[in-house]
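Trainee: Let me give you the structure first, and then I'll get to my questions.
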C-alpha cells in the first residue's frame, strides 16, 4: 500500500526544491553568461569555473552529508545552509569592473581579475549551496519517503529545474544583461529570496526520525567509497555509473546553451520561444516519476533517453525557430525525466539510515565527474569554433551545433545499463 505524504512535506519539497533550483540555474546557466558578458571569458575560463564548482560541490557533499548523519539532524543543515547560500549569492553584486578597479587601484582593465574572483566566489557559494541542497535536502528527501511514494516525490523534485528555468528566463527577460547594474539587481533579488526561504524552513520542515551515527566521522565520510559498500549494493553503483555518463552528456552542451541560443542562432527572444517548451517539459517530468513507480526503471529510463536523443538530433540539424523549439522540448523533457528516474532508482537502492553518507557518491556521479569531463569535452569540441570581435576589440567564441553531437554520442552509452538494473 502506498504511504501517504503530508501536505507539510509537499509544501517543503516544493518551496525548497524550487528555490534551490532557481539558485542552481542562475549558477549553471547564467554565471557562464555573466562571466562571458562582463569579463569576456573564454571557453577555457567557463570550463575551469564549472570544473572548480563541481569539485567543491562534491567535496562539500561528501563531508557535510556525513556530518549531518553524525549529528542526526537535517533541518539545521538545510536552513542554515540556505541562509548562508543566499548571502553568498548577494555578495556577487561586488563583482563589477568599476568596483574591482577601485578596490585594487587598477588603471587597466579588471576583466582578468574579475574572471578569477568570479570563479573563487562561485566555489564559496557552491559550498553553502551543496551543504544545504545536495547534502542535507537530498538526504532529508530520502529519509522522508519510501519505495511506495519515492517516484512521485522525485517527479516533483526533478521538475523544479525546468520550472526554475522558466522563472529565471521570465525574470531575466526584463534585464539588459550587457549592463553590470542588471546583474547587481539579479544577485540581490536571488540572494535575498534564498535567505528568506532558509529562515522559513525552520517553521515548515519536519525533522525525519534518524539515529545519529556513532562510528568515527572519517569512517562515515569514506563509507560510500569502500569496496565493501560497492559489493553490498551492486544495483546502487550500477545506477550511479549510468548516472555519470548521463550527466556527462548534459554537461557537454549545458554550459554553452544560452550562449548558443542567443549568439549562435541570434535568438534574442529565446525566452519567449523556450517558455512553452519548458512548461510542457515540466508537466511531463512531474508525471514521469509516477511512471517509474508503476513501470519501473527500464521502461521509464529508456523512454527518457529516447526523448533526449530526439532532442539532440533536432538541435544538431536545425537552426530555425520552430524545429529548435521542438528539439528543445524533447531535450528538456528527456533530461529532466531522466533525472527523475535516476534520482528515484538511486534512492530506492540507498541502504536505510545511510542516506547522508551516500550523498557524496551521488554528487560524485551527478556533479564532479560530469562537471569536469563534460565541459572539457565541450571545450575540445569548440576549440576551432568561430569567434566574433567585440566593440572593445576583444574576441568571444561562438558555440556551434557540434556540442549536441558530442552529447548524443555520450548518452547512447547509457542504454546498455538499462538492461542491467531493476527497481529495488
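Trainee: Considering each of 381, 377, 363, 398 in turn, give the residue that is in contact with a helix residue (DSSP H, G or I) (Cβ under 7 Å, 6 or more places away or on another chain) and surrounded by fewer than 17 Cβ atoms within 10 Å (Cβ to Cβ).
Mentor: 398
Trainee: So if I check each of 168, 124, which one is under 26 Å from residue 258 (Cα atoms), in contact with a helix residue (DSSP H, G or I) (Cβ under 7 Å, 6 or more places away or on another chain), assigned to a helix (DSSP H, G or I) and at pLDDT 85 or above?
Mentor: On inspection, the qualifying residue turns out to be 124.
Trainee: Sticking with this one: Can you find a residue that is touching a helix residue (DSSP H, G or I) at 6+ places or on another chain (Cβ under 7 Å), outside any helix (DSSP H, G or I), buried (at least 22 other Cβ atoms within 10 Å of the Cβ) and in contact (Cβ under 8 Å) with a residue 60 or more places away in the chain anywhere in the range 145-165?
Mentor: So far as the range 145-165 goes, yes, one or more of its residues are touching a helix residue (DSSP H, G or I) at 6+ places or on another chain (Cβ under 7 Å), outside any helix (DSSP H, G or I), buried (at least 22 other Cβ atoms within 10 Å of the Cβ) and in contact (Cβ under 8 Å) with a residue 60 or more places away in the chain.
Trainee: Would you call residue 318 surrounded by fewer than 18 Cβ atoms within 10 Å (Cβ to Cβ), at negative phi and at pLDDT 90 or above?
Mentor: Yes: the conditions hold for residue 318.
Trainee: Residue check: is residue 176 touching a helix residue (DSSP H, G or I) at 6+ places or on another chain (Cβ under 7 Å), more than 21 Å from residue 370 (Cβ to Cβ) and surrounded by fewer than 20 Cβ atoms within 10 Å (Cβ to Cβ)?
Mentor: Yes, satisfied.
Trainee: Residues in the range 292-305: is at least one assigned to a helix (DSSP H, G or I), closer than 17 Å to residue 29 by Cα and at pLDDT 80 or above?
Mentor: No: zero hits.
Trainee: Inspect all residues belonging to the range 15-36 and state whether any of them is over 27 Å from residue 203 (Cβ atoms) and touching a strand residue (DSSP E or B) at 6+ places or on another chain (Cβ under 9 Å).
Mentor: There is at least one residue in the range 15-36 that is over 27 Å from residue 203 (Cβ atoms) and touching a strand residue (DSSP E or B) at 6+ places or on another chain (Cβ under 9 Å).
Trainee: Could you tell me whether the range 269-279 includes any residue that is at negative phi, free of Cβ contacts under 8 Å to residues at least 60 places away in the same chain and not in a helix (DSSP H, G or I)?
Mentor: yes
Trainee: Across the range 310-327, which residue is farthest from the chain's Cα centre (by Cα) among those that are closer than 16 Å to residue 399 by Cα and assigned to a helix (DSSP H, G or I)?
Mentor: 317
Trainee: Also, I was wondering about something else. If only one of 400, 391 is modelled with pLDDT of 90 or more and not in a helix (DSSP H, G or I), which one is it?
Mentor: Going through 400, 391 in turn, just one is modelled with pLDDT of 90 or more and not in a helix (DSSP H, G or I): 400.
Trainee: In addition: Looking only at the range 161-200, count every residue that is over 19 Å from residue 95 (Cβ atoms) and over 20 Å from the mean Cα position of the chain (by Cα) and tell me the total.
Mentor: 5
Trainee: Next question. When both residues are 6+ apart or on different chains and their Cβ atoms are under 6 Å apart, which pairs have a first residue that lies in the range 192-220 and is at positive phi and surrounded by 14 or more Cβ atoms within 10 Å (Cβ to Cβ), and a second that is modelled with pLDDT of 90 or more and part of a helix (DSSP H, G or I)?
Mentor: Short answer, once both residue conditions are applied: none.
Trainee: Every residue in the range 67-79 that is under 21 Å from the mean Cα position of the chain (by Cα) and in a helix (DSSP H, G or I), please.
Mentor: 77, 78, 79
Trainee: Criterion first (in contact with a helix residue (DSSP H, G or I) (Cβ under 8 Å, 6 or more places away or on another chain), crowded, with 23+ Cβ neighbours inside 10 Å and at pLDDT 85 or above) does residue 47 satisfy it?
Mentor: no
Trainee: Just the residues that are surrounded by fewer than 24 Cβ atoms within 10 Å (Cβ to Cβ) and either modelled with pLDDT of 90 or more or touching a helix residue (DSSP H, G or I) at 6+ places or on another chain (Cβ under 6 Å) (or both), please, taken from the range 322-337.
Mentor: 323, 324, 325, 326, 327, 328, 329, 330
Trainee: Just give me the residues in the range 221-236 being surrounded by 12 or more Cβ atoms within 10 Å (Cβ to Cβ) and either touching a residue at least 60 places away in the same chain (Cβ under 8 Å) or assigned to a loop (DSSP other than H, G, I, E, B) (or both), in sequence order.
Mentor: The answer is 221, 222, 223, 224, 225, 233, 235, 236.
The values are calculated or read from the model by the stated rules, or taken from the named source; none is laboratory data. Since the structure is predicted, the reported quantities are computational estimates derived from the model, not experimental observations. Neighbour counts run over all protein chains shown; Cβ positions are idealised from the backbone, glycine included.
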